[in-house]
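Visitor: Sharing a structure here in structure tokens format.
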Amino acid sequence: MIAASALTRVFGRRIAVDSVTFEVRTGEILALLGPNGAGKTTTMRMLAGLIAPTTGSVTLDGVTLTRTTGSTLRARIGFLTESPGLWDRLTVRENLHVYARVYGLADGEARIARSLERLALSDHADARAAELSKGMRQKVAIARALLHEPRMLVLDEPTSGLDPAIARQVREILEERRAAGCAILVSTHNLDEAERLADRVAVVQQRLLAIDSPAALRRRLATGRLLVRLNGDPSSYLPALKGWRAHAEGGQLVVEVQRIDDEAPRVVAALVGAGASIVEVRPEMPALEDVYLHLVAPS
Amino acid sequence: MRIRALVAKEFLEIARNWTVLVPVALVTFISLAIPFTVILIVPAITGRPLGEDAGLAQLGALLAPESVVAPQIAVEAFLFQQFLLLFLLTPITSAMSLAAHAIVGEKQARTLEPLLATPITTVELLVAKVLGALLPTVAISFAGLACYVVGIALFAHPGVFAAMATPRTLLIIALISPAAALVSLQAVLVVSSRVNDARTAQQVGLLIILPLTAVFIAQFSGAFLVTAPVLALAGIGLLVVWLVLVGVSVVLFERETILTRWR
């Protein structure tokens, strides 16, 4: 488990991360969302033991990250940096081999072979890193982060720059790692990916703005709409919907609601009470993107 | 294990970019060519043996008194031994660019952050970086020294080789040369982890050549002859300085600054 407790990091006068608290549970993928400069990379670097928090603490698998425990704990984490950071003159296999030795893996060669196979990199194993495309380099960096089969993964934009097929492959690998009990923290700008992949989403902008499952965030933080199709002229039923913002559109009623689960039955009851013959009621949830933009919008 | 892994990586990178070793080979070749030209070829062309020069004979006597060996042999032995100091400079000047690039280069290539995210400690990283720069250049330098010694045995006057086989020679080769290289490389590494440009590190590192050049000139002028005990002390002193510099490098190597402020 990865836990950040009141994590704060100040650079000079600038507060990069301000009292952020969250945890990534075992067998969970948490997506970290936030605009550029929101402190995502700084947060991830603190969690990976690369930089120390100004105040607050990081706990990994129950052990507090300190200067003393840093080296041991870093061995338990797989960290994907913003940039792949491969040694260009070395081949893919050699790049991984150095890390296998740094991690002290006795079965390094076998693990490298498995990683290359899993990420469909076997054909490029003996190519120099400099010869690889951006997507390939990213895949090698992911293979490197997974090489020692860590129980905690901190991945900074893992699918950035990847084509859809490779991005899907990476998501599948992350799902496998989650199923194997890994705690996985992923930063991304791809909201669709966050919604599909993550169990929970944390929105940060220096501070932690919200953290919950994508569905709960949508329900909790933004206005939804109910689309009601009924027989007859929909606008004639608008007076029955006092207390809601509603209008007729394309032969149906559009009703704005704050909490769909609570309000949908009341809207239906009001319309039925007014004599409406309802054909269909369809809730329309806001996209995660709407929620995100609502959260990070300047107040 | 982690140090070995990183040193092996450094060797691989050098092997793939072997031209970085051309300056080492060139300096080694020049260090070989100059003494043999000055001591053997020029006198052979001019027909004036060096032993006939009163000034040189005086210097030669510093190493081996006339009563023990002939002036010609003493002068040759003295000069060959002084030129040994050139081999001190070889690994220093040549490994400088490798060491200067060590940290700055990794940072600029963005390869440092993933490495720092592993269990590797600062000491391991810095020692690996020094060894990665030192070992290939010292290997080339020692190959040059081997050629130097064989050349003396084959081409110098009989007796020169024996006159040179002294503790002083041994100390210069086995202790002073690698110790001076260690000190200079570690100093460059300290600078390399504090600046964001390899050229700055290299220029600062080159400052260490100045005192060595002064010793070199003083030796030739006969101002003083560094004796074996002095060399032994100097070697130990250099190793102590190296250890101090390792400590300083560890203290000054700020992972955070390197990761967050260098662009």
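The values are calculated or read from the model by the stated rules, or taken from the named source; none is laboratory data. Because the structure is a prediction, the values reported are computed rather than measured. FYI the Cβ positions are ideal-geometry reconstructions off the backbone, even for glycines, and counts take in every protein chain you see.
Visitor: Within the stretch B:53-76, can one find any residue that is under 24 Å from residue B:231 (Cβ atoms), touching a Gly at 6+ places or on another chain (Cβ under 7 Å), of a type outside the set (Phe, Trp, Tyr) and not in a helix (DSSP H, G or I)?
Guide: Yes, there is a match, as at least one residue in the stretch B:53-76 is under 24 Å from residue B:231 (Cβ atoms), touching a Gly at 6+ places or on another chain (Cβ under 7 Å), of a type outside the set (Phe, Trp, Tyr) and not in a helix (DSSP H, G or I).
Visitor: Within the stretch A:270-297, count every residue that is more than 17 Å from residue A:259 (Cβ to Cβ) and either in contact with a strand residue (DSSP E or B) (Cβ under 9 Å, 6 or more places away or on another chain) or at pLDDT 85 or above (or both).
Guide: Initially, the stretch A:270-297 is screened for residues more than 17 Å from residue A:259 (Cβ to Cβ), giving A:271-280, A:287-289, A:292-293, A:295-297.
Then keep just the ones that are either in contact with a strand residue (DSSP E or B) (Cβ under 9 Å, 6 or more places away or on another chain) or at pLDDT 85 or above (or both); that gives A:271-280, A:288, A:292, A:295-296.
The total comes to 14.
Visitor: Then there is this: Can you tell me which condition residue A:220 does not meet? The list is (1) touching a helix residue (DSSP H, G or I) at 6+ places or on another chain (Cβ under 9 Å); (2) at pLDDT 90 or above, and all the others hold.
Guide: In the conditions (1) touching a helix residue (DSSP H, G or I) at 6+ places or on another chain (Cβ under 9 Å); (2) at pLDDT 90 or above, residue A:220 misses (2) alone.
Visitor: Separate question: Among B:7, B:24, which is within 14 Å of chain A (Cβ to nearest Cβ), within 22 Å of the chain's Cα centre (by Cα) and buried (at least 18 other Cβ atoms within 10 Å of the Cβ)?
Guide: Details: B:24 fails: within 14 Å of chain A (Cβ to nearest Cβ).
Being within 14 Å of chain A (Cβ to nearest Cβ), within 22 Å of the chain's Cα centre (by Cα) and buried (at least 18 other Cβ atoms within 10 Å of the Cβ) holds for just one of B:7, B:24, which is B:7.
Visitor: Further question: Would you mention how many residues in the stretch A:265-299 are under 30 Å from residue A:33 (Cα atoms) and either hydrophobic (A, V, I, L, M, F, W, C) or part of a loop (DSSP other than H, G, I, E, B) (or both)? Lay out the reasoning, then the answer.
Guide: Of all residues in the stretch A:265-299, those under 30 Å from residue A:33 (Cα atoms) come to A:282-299.
Retained after the next criterion (residues that are either hydrophobic (A, V, I, L, M, F, W, C) or part of a loop (DSSP other than H, G, I, E, B) (or both)): A:285-288, A:291, A:293, A:295-299.
Qualifying residue count, the stretch A:265-299: 11.
Visitor: Exactly one condition in (1) at pLDDT below 85; (2) over 30 Å from residue A:104 (Cα atoms); (3) surrounded by fewer than 22 Cβ atoms within 10 Å (Cβ to Cβ) is false for residue B:164; which is it?
Guide: (3)
Visitor: Give me a count of the residues in the stretch A:50-62 that are more than 14 Å from chain B (Cβ to nearest Cβ) and part of a strand (DSSP E or B). Reasoning before the result, please.
Guide: Looking only at the stretch A:50-62, we keep the residues that are more than 14 Å from chain B (Cβ to nearest Cβ), and these are A:55-57, A:59, A:61-62.
After this cut, where a residue has to be part of a strand (DSSP E or B) as well, the list is A:55-57, A:59.
Selection size over the stretch A:50-62: 4.
Visitor: Kindly evaluate residue B:86 against the criterion of being of a type outside the set (Gly, Ala, Ser) and either under 22 Å from residue B:253 (Cβ atoms) or modelled with pLDDT of 85 or more (or both).
Guide: Details: of a type outside the set (Gly, Ala, Ser): yes; either under 22 Å from residue B:253 (Cβ atoms) or modelled with pLDDT of 85 or more (or both): no.
Criteria not met by residue B:86.
Visitor: Under the condition of being within 15 Å of residue B:202 (Cα to Cα) and out of contact with any Lys or Arg (no Cβ under 8 Å at 6 or more places or on another chain), which residue from the stretch B:96-113 is nearest to the other protein chains (Cβ to nearest Cβ)? Give the steps one after another, and end with the answer.
Guide: Initially, the stretch B:96-113 is screened for residues within 15 Å of residue B:202 (Cα to Cα), giving B:96-105.
Retained after the next criterion (residues that are out of contact with any Lys or Arg (no Cβ under 8 Å at 6 or more places or on another chain)): B:96-98, B:101, B:104-105.
On the way: B:96: 20, B:97: 16, B:98: 14, B:101: 13, B:104: 15, B:105: 10 Å.
Checking each candidate, the answer is B:105.
Visitor: I've got another one for you. Within the stretch A:81-112, work out how many residues are assigned to a helix (DSSP H, G or I), more than 7 Å from every other protein chain (Cβ to nearest Cβ) and aliphatic (A, V, I, L, M).
Guide: Total satisfying the criteria: 5.
Visitor: Any idea which of (1) more than 20 Å from residue B:112 (Cα to Cα); (2) more than 9 Å from chain B (Cβ to nearest Cβ) is the one residue A:47 doesn't satisfy?
Guide: For residue A:47, the failing item is (1).
Visitor: Working carefully through the options A:31, A:3, A:16, find the one that is modelled with pLDDT of 90 or more, surrounded by 16 or more Cβ atoms within 10 Å (Cβ to Cβ), facing chain B (nearest Cβ under 10 Å) and outside any loop (DSSP other than H, G, I, E, B). Let's see the steps before the verdict.
Guide: On the way: A:31 fails: facing chain B (nearest Cβ under 10 Å); A:3 fails: facing chain B (nearest Cβ under 10 Å).
Going through A:31, A:3, A:16 in turn, just one is modelled with pLDDT of 90 or more, surrounded by 16 or more Cβ atoms within 10 Å (Cβ to Cβ), facing chain B (nearest Cβ under 10 Å) and outside any loop (DSSP other than H, G, I, E, B): A:16.
Visitor: Can you pull out the residues in the stretch A:41-99 that are in contact (Cβ under 8 Å) with a residue 60 or more places away in the chain and charged (D, E, K, R)?
Guide: The initial filter retains those residues of the stretch A:41-99 that are in contact (Cβ under 8 Å) with a residue 60 or more places away in the chain, namely A:41, A:43-44, A:47-48, A:60-62, A:75-82.
Hits for the stretch A:41-99 are A:61, A:76, A:82.
Visitor: Scanning for something more than 14 Å from chain A (Cβ to nearest Cβ) and crowded, with 21+ Cβ neighbours inside 10 Å, does the stretch B:114-124 turn up at least one residue? Working first, answer last.
Guide: Step one: of the stretch B:114-124, the residues more than 14 Å from chain A (Cβ to nearest Cβ) are none.
No, because not a single residue in the stretch B:114-124 is more than 14 Å from chain A (Cβ to nearest Cβ) and crowded, with 21+ Cβ neighbours inside 10 Å.
Visitor: Among A:264, A:287, which is the only one that is within 25 Å of residue A:216 (Cβ to Cβ) and touching a Pro at 6+ places or on another chain (Cβ under 7 Å)? Full working, then the answer.
Guide: Details: A:287 fails: touching a Pro at 6+ places or on another chain (Cβ under 7 Å).
Just a single option satisfies the conditions, and that option is A:264.
Visitor: Now a separate question. Which ones in the stretch A:61-119 are among the aromatic types (Phe, Trp, Tyr) and farther than 17 Å from residue A:153 by Cβ? Please lay out each step first, then the result.
Guide: Keep residues of the stretch A:61-119 that are among the aromatic types (Phe, Trp, Tyr), which gives A:79, A:87, A:99, A:103.
Answer for the stretch A:61-119, where residues must be among the aromatic types (Phe, Trp, Tyr) and farther than 17 Å from residue A:153 by Cβ: just A:87.
Visitor: If I ask for residues that are over 12 Å from residue B:256 (Cβ atoms), out of contact with any Phe, Trp or Tyr (no Cβ under 8 Å at 6 or more places or on another chain), modelled with pLDDT of 90 or more and crowded, with 18+ Cβ neighbours inside 10 Å, which ones from the stretch A:38-55 would you list? Explain how you work it out, then say what you get.
Guide: From the stretch A:38-55, those over 12 Å from residue B:256 (Cβ atoms) are A:38-41, A:43-44, A:47-48, A:55; that's our starting set.
Keeping just the survivors that are out of contact with any Phe, Trp or Tyr (no Cβ under 8 Å at 6 or more places or on another chain) gives A:38-41, A:43, A:47, A:55.
Those still in the list that are modelled with pLDDT of 90 or more too: A:39-41, A:43, A:47, A:55.
Once the filter is applied, which keeps residues that are over 12 Å from residue B:256 (Cβ atoms), out of contact with any Phe, Trp or Tyr (no Cβ under 8 Å at 6 or more places or on another chain), modelled with pLDDT of 90 or more and crowded, with 18+ Cβ neighbours inside 10 Å, the stretch A:38-55 yields A:39, A:40, A:41, A:43, A:47.
Visitor: Please specify each residue of the stretch B:231-263 satisfying the condition of being within 14 Å of another protein chain (Cβ to nearest Cβ), touching a residue at least 12 places away in the same chain (Cβ under 8 Å) and assigned to a helix (DSSP H, G or I).
Guide: The answer is B:250, B:255, B:258, B:259.
Visitor: Could you please find all residues in the stretch A:113-145 being touching a Gly at 6+ places or on another chain (Cβ under 8 Å) and more than 11 Å from every other protein chain (Cβ to nearest Cβ)?
Guide: A:134, A:135, A:138
Visitor: Only one of (1) at positive phi; (2) in contact with a Phe, Trp or Tyr (Cβ under 9 Å, 6 or more places away or on another chain) is not met by residue B:159, so which one is it?
Guide: (2)
Visitor: Which of the residues that make up the stretch A:69-80 are within 8 Å of chain B (Cβ to nearest Cβ), part of a helix (DSSP H, G or I) and crowded, with 16+ Cβ neighbours inside 10 Å?
Guide: A:71, A:74
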